[in-house]
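Colleague: Take a look at the following structure, please.
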Amino acid sequence: MTVTAIVLDCNVFVNWMHPPKELAAKEYSDWVLRQIIEHDLQVWVPYHWDIEVAGVLRGIQKNRAHGYSFEWLNGVGSYLSALDINEGWTLNNIPDILVAAEHFNLSCADTPYFHLAQTIRLPVATLDSGLIAACSRFGVEHFHP
Amino acid sequence: MPIDAPHLAEPKVEYSHRIVDGEGHERVAEGSARTELRSGDTLVVRRRPLMAPAERKAILRRLLAETENRRAPDPLPEGYESAAEALARVRERYDR
């Protein structure tokens, strides 16, 4: 089946902005970006994606003496603008999130990714072992080479 | 320290909202989409990039070139797993 869209985990995007320590993670993240470009893939993310990405990037950047540089922020903004992003919100209240998290054995931050992928039947691009395990267990495709 | 980032105020995307219920029926969200949601609904917000596809691709290709040329800060010295090997290992663990 031809993939036209993927659910994109926060950490894959972050790896594009800042290289991860593990080379395998970098290679995987680069591969995902290559697929997005070559196949013009649409990207789907849950509603809290921007906050999650910003939180991780802040953690990476906060030790820098001069804070965020204009060039760096501009780069992040440009790359975000260049992606064809849909936000999808499938878990609309706290009880639904809690029940789904328990059912899938995922964190409350990871659950919206997985539930979104399952609801709209898209593969998940992730390096998170919990999400990969849920994909395997609940019949959601893990986007990988 | 204030962030000198005037570009953040520039509109680079526009948004459209729609709600899809559990049976696949769609309706356009009006007002506060968040308050219209019911359990089982999917709210979809489309961010439409305000640039041509060629321009978008050029930006993403630049990003890819940057990431491919960037070394991991602490690469494993030798015998590291390839991405495929690492993922296969994780998948095998959970496929059992």
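Colleague: Connecting C-alpha atoms closer than 10 Å in a GNM of chain A, tell me which of A:Ile37, A:Ile97, A:Ile132 has the biggest fluctuation.
Modeller: Maximum among the listed residues: A:Ile37.
Colleague: Thinking of the range A:59-145 as a set of Cα atoms, what percent of all their pairs are more than 23 Å apart?
Modeller: Looking at the range A:59-145, the distances longer than 23 Å represent 42 percent of pairs.
Colleague: In the neighborhood of A:Val124, defined by Cβ-to-Cβ distances under 12 Å, what is the net charge if each Lys or Arg adds +1 and each Asp or Glu adds -1?
Modeller: Numbers: positive: A:Arg121; negative: A:Asp9, A:Asp110, A:Asp128, A:Glu141.
Combined, the nearby Lys, Arg, Asp and Glu give -3.
Colleague: Would you compute, from DSSP H runs of 4+ residues alone, the mean residue ellipticity of chain A at 222 nm, taking -39500 (n - 2.57) per run and dividing by the full residue count, rounded to the nearest 500?
Modeller: After summing the helix terms and dividing by residue count, I get -17500 deg cm²/dmol.
Colleague: OK, next. Please order A:Trp72, A:Trp89 by the number of other Cβ within 10 Å, starting at the fewest.
Modeller: So the ranking, lowest neighbour count to highest, is A:Trp72, A:Trp89.
Colleague: Compute the Cα gyration tensor for chain A, then decide on rounded, prolate or oblate, letting a ≥ b ≥ c be the square roots of its eigenvalues: rounded whenever a/c is under 1.5, prolate when a/b is larger than b/c in the other cases, and oblate in all that remain.
Modeller: On the way: a/c = 1.71, a/b = 1.36, b/c = 1.26.
Because a/c hits 1.5 or more and a/b exceeds b/c, chain A counts as prolate.
A short reminder: the numbers here are calculations on the coordinates, not readings from a lab. None of the values given here were measured: they were computed from a predicted structure. For neighbour counting, all protein chains shown are included, and Cβ atoms are generated from backbone atoms with ideal geometry for every residue, glycine included.
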